[in-house]
C-alpha cells in the first residue's frame, strides 16, 4: 500500500510538472512549428492541449485519492484486482486483432482510390506486427 | 473448475464485500468466482483457502483435464 501511495505521488509530481510547464511547451511548440502547414500545426497544438487537459484531470484525481485513505484503498484494490488485469489483457488482445483486421481491410479499400493511404496503412500493419514480435520475444525471455 | 466459495461464505455469514476486502479484490471478482465465470489465480486461491481455514483442494474442485 505504501509503495502504491509513493507511486501515485510520483505520478502526480510528474503530471504537475507537465501542467506547470504547459505555457513554456506551448510557446516552444509555437516557435518550433513556425512555417509548418496550418493543418499540421493545428493537429500538434490540439494533441498538446488534449494532453494538458488529461494531465490536469489526472493530477486532480490523484490529489483526491491521496487525500482520502478509504478512496486510496479502493483504488489500490481496483488497480491490483486480478480479474480487472485479466479483463484488460483480453481486451487489449481482442482490440488489437480487430484493429489489425480493420486496418488491413482499409488498406485494401484505400488501394482503389489513394495508393499513398493504402501504403501508409500497410506500413502501419507491418510496424504493428514487428512490434508484436519484438515484445513477444522480450516476454518470452523474461518469463 | 468449480469452487465452494459461495457455500463456505454463506455458512460463515460473510458478505461478498467482506470477503472481497479480506482478499483485496473487488466484489465483482467474488461474484464472478462464485458464478464460475472466472478462475482464481494460485495466489488468490491460496488467500481464499487461508481465509476459510481450508486447503486449495478442498475449496476448488478440479475436473477432467485439470487433473493429471
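Rule-based calculations on the coordinates, nothing more; no lab input. Since this is a predicted model, take the numbers as computed values, not measurements. We place every Cβ from the backbone using ideal geometry, glycine too, and count neighbours over all the protein chains shown.
Placing dummy labels 7 Å off each Cα toward the beta-carbon, the span from residue B:14 to residue A:131 is 4.2 nm. The tail of the calculated P(r) for the range B:2-61 beyond 12 Å holds 62 percent of all Cα-Cα pairs. I want to make sure I understand the PRE zone here: with the label point 7 angstrom from the Cα of residue B:4 toward its beta carbon, which residues in the range B:25-53 have backbone N atoms less than 20 Å away? Backbone N within reach: B:30-53.
Here the Debye sum runs over all C-alpha atoms of the protein assembly as shown as equal scatterers in vacuum, and log10 of I(q)/I(0) at q = 0.14 Å⁻¹ comes out as -1.12. Across the range B:1-31, the residues whose backbone nitrogen lies under 18 Å from the label position 7 Å along the beta-carbon direction of residue B:55 are B:2-5. Can you pull a Stokes-Einstein diffusion coefficient for the range A:1-80 at 37 °C (0.692 mPa s), Rh from Kirkwood over Cα pairs, as a whole number of µm²/s? D, rounded to a whole number, is 229 µm²/s. Using the Cβ-Cβ distance between residue B:65 and residue A:138 with R0 set to 30 Å, the FRET efficiency works out to roughly 0.50.
Note on the range A:86-124 and chain B: Cα centroid distance 40 Å, given to the nearest whole angstrom. On the basis of the beta-carbon distance and an R0 of 25 Å, residue A:64 and residue A:84 show a calculated FRET efficiency of 0.80. When A:12, A:93, A:61, B:13 are sorted by how many other C-beta atoms sit within 10 angstrom of their C-beta, beginning with the fewest, the order is B:13, A:93, A:61, A:12.
The overall shape of the range A:27-143 is oblate: from the C-alpha gyration tensor, with semi-axes ordered a ≥ b ≥ c, the ratio a/c is 1.5 or greater and a/b is no larger than b/c. Each listed q (0.23, 0.26 Å⁻¹) maps to a log10 I(q)/I(0) for the range A:82-143, found by the Debye formula over equal Cα scatterers with no solvent: -0.94, -1.04.
Residue order for A:38, A:124, fewest other beta carbons within 10 angstrom first, comes to A:38, A:124. Applying 1/(1 + (r/R0)^6) with r as the Cβ-Cβ distance of residue A:21 and residue B:43 and R0 = 41 angstrom yields a FRET efficiency of 0.50.
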